[in-house]
Amino acid sequence: MKFEMTPGEILAAARAPEPGDEGYDPFDAFDQAQGAEHSINPYDVYTELLAQCPVHRGSVSEMLGAVSVSDLMAGDRQIVNVLSYDGVEAVLRDGATFSSAGYAESMGLVMGHTILEMDEPEHGRYRKLIQQAFTRREMERWEHEIVNPVLDHYIDAFVSRGRADLVHELMFVFPVHVIAIALGLPESDLPAFYRRAVEITNMASQIERGFAASQWLYDYLEPVVEDRRVEPQEDLISLLAHAELDGQRLTNDEIIAFCRLLLPAGAETTYRAASNMMVGLLSNPDQFDAVRADRSLVTAAVEEALRWEAPLTGISRTATADAVVDGIEVRAGTAVNTSLGSANHDPSRWDDPEVFDIFRQPKSHIAFATGPHLCLGIHLARMEMRAVLEHLLDRLPGLRLDPDAEPPAIAGLAFRAPATLSVLWDA
């Protein structure tokens, strides 16, 4: 794959002020929004509450002095937070009793009608159509034809320097580039696509810009979808446009809504998960050395990172009927927040759960949710995390934390990641 623009040129063009919007930089705005959350670490509260009861009544966010999207979705309804692994798993597996429809009043306002807010039978039909584009075989093609070349392109930009901020120079930027290529977008449109991707990802703090970015993406993608219906190519939009189930196909609106959702649900979560993985490894040099010496440990590193610091800490549901969750009664209409972060740190399932340990006994975690809404991009996320780790091992010998920089700190309430990750290597 040949690239005409350097990473620096792409990002400079994406950050350039637009007419009538001088002085605004979407990347700076995103950093500022993340900075506001970066004093928050919910795990101590999770541990304290879980020791008391597996289901907590009331807002955990309020206890942390924050306002979460889950709380806003709840409105005036009673809130319960499910904290145990068994409880979270039970709620997420029972789509009939615990509905996803509440996302229509949050993410849906910007993204449109997406799989996030669908219940059965609509969800099953949509998922079967979308899954046709995300098979293991298709992800293998992405890895060789898209992900590996993109990773090399970004690493090429700093490899000779001997130092970098892996968050800003690699993790934050490469997943969006991967999605743009997968969608079949021309490189010349990449800066504008980057800009809208950041704005729509930052919608929680700047909702009007999120709306505008959503409309821009719709206007941009609609003619692309129409074109691919007539002349399909080897790209994701073509696969979605021609996916068929019982004679039915996805509508233009459904395809575009899914493409928009890929930005926060695909690109953002990958950047956070990969960043968290490298914090875990670089902060434990003995484990990083073990992975360097034995590449069969790469998968263990990926899975432990996802358990230890899931990029998304919670998923919201609404009880459609009276239910019992982990021995606690939950009334119909209750806002049910499932804590993936707490579930993945449940001491009844893992010893010393707060410790990053790639050698611990393998057990399934719940970072990708479970049940009917198991993450559609699970194969993509794991593949990209493996690929980025392999590339860093191959191309940055002696990779280590920069001792003169602040130690990396993973933080955030709903979304977890380090703000920066300063590293050195033997250039």
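Okay, here's what the table says:
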quantity: Exposed chymotrypsin sites (Phe, Trp or Tyr not before Pro) absent: longest stretch of the chain, with sites in DSSP loops and at most 15 other Cβ within 10 Å deemed exposed; calculated: 25-358
quantity: Under the span-like rule (Cα at least 27 Å along the axis, Kyte-Doolittle mean at least -0.5), DSSP H helices of the chain; calculated: 207-230
quantity: Estimated Rh, the stretch 100-193: Kirkwood, alpha-carbon pairs, angstrom; calculated: 16.0
quantity: Residue-span extension gain [Q131 to A427] - 0.36 nm each, minus C-alpha spacing; calculated: 102.4 nm
quantity: Kirkwood hydrodynamic radius of the stretch 106-153, from inverse mean 1/r over distinct Cα pairs, in Å; calculated: 12.9
quantity: Coarse-grained scattering of the stretch 15-155 at q = 0.17 Å⁻¹, given as base-10 log I(q)/I(0) from a Debye sum over alpha-carbon atoms; calculated: -1.21
quantity: Potential extension, H144-R77 segment - 0.36 nm per residue separation minus Cα distance; calculated: 19.3 nm
quantity: Loop sites in the stretch 221-322: GluC sites (Glu not before Pro), DSSP, at most 14 other Cβ within 10 Å; calculated: E234
quantity: P(r) weight above 15 Å for the stretch 199-245, C-alpha pairs, percent; calculated: 54
quantity: The stretch 147-214: translational diffusion in µm²/s, Stokes-Einstein, Kirkwood Rh over Cα pairs, 20 °C, 1.002 mPa s; calculated: 163
quantity: Estimated dipole of the chain in Debye, rounded to 20 [Cβ of Lys and Arg +1, of Asp and Glu -1, Cα centre]; calculated: 740
quantity: Gain in span if fully extended, S283 to A321, counting 0.36 nm per residue against the direct Cα distance; calculated: 9.1 nm
quantity: Label-reachable residues, the stretch 314-342, where backbone N falls under 19 Å from a point 7 Å from R93's Cα toward its Cβ; calculated: 315-321, 323-330, 337-342
quantity: Rg followed by Dmax, in Å, when the stretch 270-329 is reduced to its Cα trace; calculated: 17.3, 53
quantity: In the stretch 354-427, the GluC sites (Glu not before Pro) that fall in loop regions by DSSP, at most 16 other Cβ within 10 Å; calculated: E354
quantity: The stretch 65-165: trypsin sites (Lys or Arg not before Pro) falling in loop per DSSP and having at most 11 other Cβ within 10 Å; calculated: R161
quantity: Normalised alpha carbon radius of gyration of the stretch 353-402 [divisor 2.2 N^0.38 Å]; calculated: 1.50
quantity: Quotient of Cα Rg and 2.2 N^0.38 Å for the chain, N being how many residues it contains; calculated: 0.96
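Only the coordinates and a few stated rules stand behind these numbers; no lab work does. What you see is a predicted model, and the numbers here were worked out from it, not measured in a lab. Because the Cβ atoms are built from the backbone with ideal geometry, glycine has one as well, and the counts that use them run over all protein chains shown.
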